[in-house]
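The values are calculated or read from the model by the stated rules, or taken from the named source; none is laboratory data. Fair warning: this is a prediction, and the values are worked out from it, not measured in the lab. Heads up, the Cβs are rebuilt from the backbone with ideal geometry, glycines too, and the neighbour counts pull from every protein chain shown. The area values use the complete protein model at the heavy-atom level, side chains included, leaving out ligands, DNA and RNA. Shrake-Rupley method; radii C 1.70, N 1.55, O 1.52, S 1.80 Å.
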Amino acid sequence: MGLANTKLSIGETDQEIKKALLESRSHCKLSCVPDNVFDMIIGYVQKYFNCYDCNREGLLSAYNPKVTFSLCLNMSSQCTNRSFRFEDAYYRDNRNLKRLSGRESYHDEKRSKLLHHGKIDTVNLITKLPPTEHDPASFRLDSCYFSTNMIAFSLTGVFKEGKSTDKVRPLRSFYRSFVCVPDPEIQMTIINDQYVISNITGYQYKKYFQQNRKPNDSAQVSSEPSTSSNNVADEKTRMIQQFSTESKLNLEWSKYCLDHAQWNYEQAAKIFMEYKDSIPKEAFLV
């Protein structure tokens, strides 16, 4: 299944991602980009990430034979929130230049080795990375350049890491920088792809759970008296404090665990025990 045959869809509807990307237009450098080119970028993004989440082998046709690909983990940003340990598959190909050390000759060799060339090498790498489920509502185009021979654009957003059956699926923030050239069969192919992954920021975390709140949740809150809302808030506060006391996690991480378990205390405790070793030290009380 190639990219050309992939259904133009990501998320529940084709319009969902288009709406999110259209909101980006005001702060992107898109004033000189024709509407038809902008629509082509949106369509390409839809195809690419639907394929990335469901069938990465199908991305072979998305990449140019001369593509260069690099992966970088941003683990030291002051903006990162609720750090989850990255899997080994990420570390092996992490081209974070700040993390490279040792002799100069080794440094140069490592920098070169961590660049992946050609579409087979590129797709072979990304198929080994953990499964993902991107949130289309989080997508934002950050910049865009257009000429008759090249289109370059960068994209930011959020994805869930892991299989849909996993009990805990860390939220990650991503930045993708694509440089594309014309292609007679599928409009364009990617000739340069820079992929940066980090833990989500506090802002992204709040926005994600606001966007993904179930419709009946807000309806229930609005239809109940304010005293009932206060009681729910008080009960959640009590649960957070109790969970923090029993697990030794700080309040922020206790809330995070309960959020993921949909405020089922027993389920949150089971998840905590199962993934305790992967939680960073700074999440625990001193």
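Numbers at a glance
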read-out: For residue 250, residues with placed amide H under 5 Å, excluding near neighbours; value: 284, 285
read-out: Segment 107-211 - Kirkwood radius from inverse mean 1/r over Cα pairs (Å); value: 15.8 Å
read-out: Karplus (6.51, -1.76, 1.60) ³J(HN,Hα), θ = phi - 60°, over segment 255-269, in Hz, Gly and Pro reported as x; value: 5, 4, 4, 5, 4, 5, 8, 6, 6, 8, 4, 5, 5, 4, 5
read-out: Rounded percent of accessible protein surface that carbon and sulfur make up, segment 146-204, 1.4 Å probe; value: 52 percent
read-out: Accessible area, probe 1.4 Å, largest first, for residues 263, 253; value: 263, 253
read-out: Segments 37-47, 182-192 sorted - mean Cβ within 10 Å per residue, highest first; value: 37-47, 182-192
